[in-house]
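So the structure is just underneath, and the comments pick up after that.
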Amino acid sequence: MRYIDIDEVELELPDDWDDKVASAWAFVNRKVAEAEVATSAKGVQEGWDAQRLATELLNAAGTALKTAIASKSDVWGSLSEVLAKQSNGKCWYCETNELRSDNPIDHFRPKGRVAECSDHPGYWWLAFDWRNFRFACTYCNSRRVEVDTAGGKQDHFPVFTPPDWNKTPQDNNQERPKLLDPTDPDDCELLAFNINGLATPNCSDQTSDNYKKAIESIERFHLNHGPTKKARMAIRQKINQLVANTNDLLQQGVAAHSQQIKSNKKELMKLIRPSCTQTKFNTAARLYLNEFAALPWVKSMLDREPQ
Ligand SMILES: [Zn+2]
C-alpha cells in the first residue's frame with residue numbers, strides 16, 4: 001500500500017461530474033418517492049394501521065434507495081481511469097497491476113450496509129462521493145477464499161469504538177476506521193513485509209490500535225492471498241540476486257558505469273518505482289531493497305527514487 005493524495009482526484013474530475021451526480025441523486029430520490037407512493041396506496045387498499053404503514057414505508061424507501069443507487073454504478077465506474085491514474089493503474093490497497101474487474105472501485109465506507117454493524121444502513125449518502133472511492137483489485141474488494149486465507153473487503157468497515165459509526169448524513173462522529181486507508185498519510189507506514197513475502201504489522205505491540213488495524217486490513221484486503229505472497233517473495237529473491245551480483249562485480253573491480261552494473265541498477269529501479277507499469281508490489285520491493293541501505297550505491301538509489 002502506498003499513499004494516494006485524494007485531492008489530486010478532484011483536479012482530474014470530468015467537467016460534467018457534478019451534473020452527473022446531481023442527475024443520479026434526482027433519479028434515486030424519484031425512485032424512493034415512487035416506492036413511498038406505491039406503498040401508501042397499498043396501505044390504503046389493505047387497511048394498514050399507522051404503525052404498519054410507517055414500517056412498510058421505511059422498508060420500501062430503504063429498498064428503493066439501495067436498488068436505485070446500485071443501478072447507477074456507471075456513475076462511479078466512469079471515474080475508473082481518473083482513479084487509476086493516481087497509482088499508475090495499480091490497486092491502491094495491494095499494488096497489484098492485475099485488477100481483474102470491470103468496475104474496480106471500492107466504496108471505502110460501504111454504501112449499502114456495514115457488515116460489523118447490523119443496524120447500519122450503509123453510507124448511502126457517500127455513494128457518489130469521489131472522496132469515498134478507492135481503486136481496488138478484485139482480490140482486495142470482493143470475497144475470495146484460498147486454501148488457507150480468505151478475504152475481500154466487500155461491506156466490511158470495522159471501527160474502533162467509541163465513537164460509534166456515523167449512521168446518517170447528519171452524524172458527525174470522528175470515526176476511527178480499523179482498516180488502513182491509502183489516502184491517510186500515516187497508514188501506509190503501518191505495513192511491513194517479511195522474508196516469506198507475507199504482509200505483517202509494522203509494530204510489535206499487539207495491544208496497539210496500529211497493530212490491530214494492520215492485522216484487520218491484511219485479512220480484509222486479502223493481502224496474503226497465496227499468489228500475492230509468492231510474487232512478493234519472488235521480488236525479494238530477485239532483489240537479493242541483483243544486489244549480490246552487483247556487489248560481486250564491484251568487488252572484482254568492474255567499473256560502476258559498466259553495462260552490467262547499470263543494467264542491474266535499472267532492474268532494481270523498475271522494481272521499486274511506483275510509476276513503473278511493468279512491476280507491482282513496489283512498496284514491498286522498496287522495503288526489501290532497504291535491507292541493503294548500508295551499501296552506499298543502494299542508499300543513493302533509494303534516496304533518488306520517489307516512494
Ligand atoms: Zn488489491
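The values are calculated or read from the model by the stated rules, or taken from the named source; none is laboratory data. Predicted, not measured: the structure shown is a model, and the values here were computed from it. Cβ sites come from the backbone with ideal geometry, for glycine too, and all protein chains shown count toward neighbours.
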What are the residues in segment 83-114 that are closer than 13 Å to Thr277 by Cβ and either of a type in the set (Lys, Arg) or in a loop (DSSP other than H, G, I, E, B) (or both), if any?
-> Lys85, Ser87, Asn88, Gly89, Lys90, Glu95, Thr96, Asn97, Glu98, Leu99
Matching helices (runs of 4 or more DSSP H) fully within segment 209-307 where at least 1 residues are over 23 Å from Leu179 (Cα atoms) | 226-251, 259-272, 282-290, 296-304
Residue under evaluation Asn166, criteria (1) in a loop (DSSP other than H, G, I, E, B); (2) of a type outside the set (Phe, Trp, Tyr); (3) farther than 25 Å from Trp125 by Cα, criterion not met = (3)
Just to be sure, is Cys117 more than 24 Å from Asp19 (Cβ to Cβ), within 16 Å of the ligand (Cβ to nearest atom) and in contact (Cβ under 8 Å) with a residue 40 or more places away in the chain?
-> no
What pairs come up if the first residue lies in segment 125-151 and is more than 14 Å from the ligand (Cβ to nearest atom), the second is among the basic types (Lys, Arg) and modelled with pLDDT of 85 or more, and their beta carbons are under 6 Å apart, counting only those six or more places apart or on different chains?
-> Leu126/Arg109; Ala127/Lys111; Asn132/Arg109
Taking segment 115-139 as the region of interest, how many residues are more than 19 Å from Ser101 (Cα to Cα) and in a helix (DSSP H, G or I)?
-> 4
Taking the stated definitions as given, is Ala192 surrounded by fewer than 19 Cβ atoms within 10 Å (Cβ to Cβ) and touching a strand residue (DSSP E or B) at 6+ places or on another chain (Cβ under 6 Å)?
-> yes
Are any of the residues in segment 258-266 at pLDDT below 95 and either crowded, with 20+ Cβ neighbours inside 10 Å or out of contact with any Leu (no Cβ under 6 Å at 6 or more places or on another chain) (or both)?
-> no
If you go through segment 200-208 one residue at a time, do you hit one that is in contact with a strand residue (DSSP E or B) (Cβ under 7 Å, 6 or more places away or on another chain), assigned to a helix (DSSP H, G or I) and not assigned by TED's automatic domain parsing to the domain that holds Phe292?
-> no
Scan (1) assigned to a helix (DSSP H, G or I); (2) touching a residue at least 60 places away in the same chain (Cβ under 8 Å) for the single condition Glu189 breaks and write down its number.
-> (2)
Of the residues in segment 26-80, how many are free of Cβ contacts under 8 Å to residues at least 40 places away in the same chain and in a helix (DSSP H, G or I)?
-> 37
Asn240 vs. criteria of a type in the set (S, T, N, Q), surrounded by 15 or more Cβ atoms within 10 Å (Cβ to Cβ) and in contact with a Leu (Cβ under 8 Å, 6 or more places away or on another chain) | no
Is there any pair with a first residue in segment 205-222 that is in contact (Cβ under 8 Å) with a residue 60 or more places away in the chain and a second that is among the aromatic types (Phe, Trp, Tyr) and crowded, with 17+ Cβ neighbours inside 10 Å whose Cβ atoms are under 6 Å apart and which are 6 or more apart or on different chains, and what are they?
-> Phe221/Tyr93; His222/Tyr139
Inter-residue pairs, beta-carbon under 6 Å, first among the hydrophobic types (A, V, I, L, M, F, W, C) and in segment 84-95, second in a loop (DSSP other than H, G, I, E, B) and more than 7 Å from the ligand (Cβ to nearest atom), 6+ apart | Trp92/Ile4; Trp92/Pro182; Cys94/Leu223
Taking the stated definitions as given, is Glu175 assigned to a loop (DSSP other than H, G, I, E, B) and surrounded by fewer than 22 Cβ atoms within 10 Å (Cβ to Cβ)?
-> yes
Out of the residues in segment 87-107 that are surrounded by 20 or more Cβ atoms within 10 Å (Cβ to Cβ) and under 22 Å from Thr67 (Cβ atoms), state the one that is nearest to the ligand (Cβ to nearest atom).
-> Asp106
Which ones in segment 88-133 are under 21 Å from Lys280 (Cβ atoms) and basic (Lys, Arg)?
-> Lys90, Arg100
In segment 61-82, residue farthest from the chain's Cα centre (by Cα) [restricted to those that are closer than 24 Å to Thr277 by Cα and among the small types (Gly, Ala, Ser)] | Ser78
